[in-house]
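**Q** Questions regarding the structure given below will be posed in turn.
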Amino acid sequence: MPKTITFTVEVNDDFDSLNELENFVNQEGQKLKQELFENLAENITVPDRTFSCPNCGNEKSIATGQKGRKLKTIFGDVTINSPRRQCKKCYSYFFPLGRGFLGKGMSRPN
Ligand SMILES: [Zn+2]
């Protein structure tokens with residue numbers, strides 16, 4: 001279902017040149033992209049299925065809430081709250097929305 005997301009941008013009213021205005025719009029546009037991505041990514045729901053532990057392959061895990069997760073995007077680094085699970089066998093934590101879901105070219109910053 002379509003939704004409406006509202007952003008507020010604080011704008012000074014003393015631009016000295018179109019260059020200055022151009023730089024401002026560029027910077028704010030970048031921030032808006034990151035904010036929009038974070039906002040939308042956090043609303044993606046994890047499909048109801050079993051997830052294999054990336055460490056040991058075990059398929060039994062428990063949901064452990066959300067955790068901040070840094071991602072690299074084409075418009076810079078973003079941090080999203082992502083659902084996290086813990087393996088019942090080796091106790092390692094993992095994000096069920098893994099690399100396959102992240103898509104080509106997107107990765108975690110090192
Ligand atoms: Zn495991």
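The values are calculated or read from the model by the stated rules, or taken from the named source; none is laboratory data. Small disclaimer: the values here were computed from a predicted structure and weren't measured. Heads up, the Cβs are rebuilt from the backbone with ideal geometry, glycines too, and the neighbour counts pull from every protein chain shown.
**Q** Could you give me the residue pairs with C-beta distances under 7 Å whose first residue belongs to the range 18-34 and is modelled with pLDDT of 95 or more, whose second residue is assigned to a helix (DSSP H, G or I) and among the polar types (S, T, N, Q) wherever it lies, and which are 6+ apart or on separate chains?
**A** That search, which allows pairs on different chains as well, returns nothing.
**Q** So, of the residues in the range 78-93 that are within 13 Å of the ligand (Cβ to nearest atom) and surrounded by fewer than 18 Cβ atoms within 10 Å (Cβ to Cβ), which turns out to be nearest to residue 60 (Cα to Cα)?
**A** 88
**Q** Please state which one of 104, 88 is modelled with pLDDT of 90 or more and over 19 Å from residue 31 (Cα atoms).
**A** One residue alone meets the criteria, 88.
**Q** A further question on this structure: When the residues of the range 57-77 are narrowed to those that are among the aliphatic types (A, V, I, L, M) and within 16 Å of the ligand (Cβ to nearest atom), which ends up farthest from residue 43 (Cα to Cα)?
**A** Of everything passing the filter in the range 57-77, 62 is farthest from residue 43 (Cα to Cα).
**Q** Please find, within the range 23-56, the residue that is farthest from the ligand (Cβ to nearest atom) out of those that are polar (S, T, N, Q) and surrounded by 12 or more Cβ atoms within 10 Å (Cβ to Cβ).
**A** Here the answer is 23.
**Q** When residue 97 is evaluated against the numbered criteria (1) outside any loop (DSSP other than H, G, I, E, B); (2) touching a strand residue (DSSP E or B) at 6+ places or on another chain (Cβ under 8 Å); (3) away from the ligand (no atom under 16 Å from the Cβ), which criterion, by number, is the only one it fails?
**A** (1)
**Q** So which residues in the range 16-48 are assigned to a loop (DSSP other than H, G, I, E, B) and more than 21 Å from residue 80 (Cβ to Cβ), if there are any at all?
**A** 16, 17
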